1. Six or more apart or on different chains, Cβ under 9 Å: which pairs go from a residue in segment 115-140 that's free of Cβ contacts under 8 Å to residues at least 12 places away in the same chain to one that's not in a helix (DSSP H, G or I)? Could you list them?
2. Run down 115, 76, 106 and say which single residue is closer than 25 Å to residue 197 by Cα and away from ligand 2 (no atom under 16 Å from the Cβ).
3. So, in segment 14-49, exactly how many residues are free of Cβ contacts under 8 Å to residues at least 12 places away in the same chain and either surrounded by 19 or more Cβ atoms within 10 Å (Cβ to Cβ) or of a type in the set (A, V, I, L, M) (or both)?
4. Please go through segment 185-199 and pick out each residue that is more than 15 Å from ligand 2 (Cβ to nearest atom) and closer than 17 Å to residue 242 by Cβ.
5. Quick one: which helices (runs of 4 or more DSSP H) lie wholly within segment 119-233 and hold at least 1 residues that are more than 16 Å from ligand 1 (Cβ to nearest atom), out of contact with any helix residue (DSSP H, G or I) (no Cβ under 7 Å at 6 or more places or on another chain) and small (Gly, Ala, Ser)?
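Taken together, the values in this text are just the output of simple stated rules run on the coordinates, not laboratory data. Computed from a prediction, not measured in an experiment: that's the story for all the values here. Note that each Cβ is placed from the backbone with ideal geometry, even for glycine, and that neighbours are counted across all protein chains shown.
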Amino acid sequence: MTLELVDVSMDYRLHGQQKRALDGVSLTVSPGEFLCVVGASGSGKSTLLSLVAGLTTPTGGEITLDGHPITGPGPDRGLVFQTGSLYPWRTVERNVAFGLELLALDTAERGRRVDWYLAETGLAGVRRSLPRQLSGGQQQRVAIARALVCEPDVLLLDEPFGALDVQTKEDMQLLIRQIWRDTGTTVLMVTHDVEEAVFLGTRVVVLASDPGRVAAETSIPLPDDRGLATKRTLAFLNLRASIEDMVRASHRSGVTR
Ligand SMILES: Nc1ncnc2c1ncn2[C@@H]1O[C@H](COP(=O)(O)OP(=O)(O)O)[C@@H](O)[C@H]1O
Ligand SMILES: [Mg+2]
């Protein structure tokens, strides 16, 4: 499934003033790719994801999945936000099963899918807990399992680990890499964290701010079986430094515009 954005722009209207959040963004996400988009706060990352999710409509350009225009949300795209997307009154397993209620599946298949994704995300032991009984990291596991259970063509991640402490964040980074390798799903993730983008991505796109636009992109030629030790290799540190330079340069050009 190929996701394509062609010359996508987004203008918001706020108190009678127009604000251009994205300006002429063109991107192709190929099947099986893990594309990370990095940019400063306000560079349009969440706007980009909500357009791909079909929650908002671009004011210019076109977004297609395998050539079909995106006209609204759908089970072909799974979405995970930073926090707060769970139903507090539903148990873990019923939160995960929620996505499936919209799909025509028989009971046995529903059960099989929920079990598989609970196991994959390490939640089998807390399946009957409520979200408030879980840690922040576990809550994000539930959000990820719920997005994956529909087996979407593209997993959309909006800074999903941004509110977690460093250790939990690294556990979650390893988990999402594992899921990506196990399922072969296509991932589009936005983050302000360059280290995270380099560690997770097969390719990184840098967004400049005001208005949000593609400033640079680079592929990440690190091995597929990445572990935390990868973050200490020279190849990783060099990639990280060069992308941090790109982010800094795009920020400066944004400021002087
Ligand atoms: N609903 C909205 N109405 C008006 N302006 C918005 C809205 N959502 C985002 N913006 C503005 O668009 C720009 C991009 O925001 P956003 O996509 O949230 O960036 P990011 O996720 O990278 O922090 C910001 O300047 C923000 O203030
Ligand atoms: Mg955001």
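1. These pairs meet every condition: 115/127; 116/149.
2. The conditions single out 76.
3. 1
4. Selection gives 194, 195, 198, 199.
5. Working: elements: 136-148, 166-183, 194-200.
Result: 136-148.
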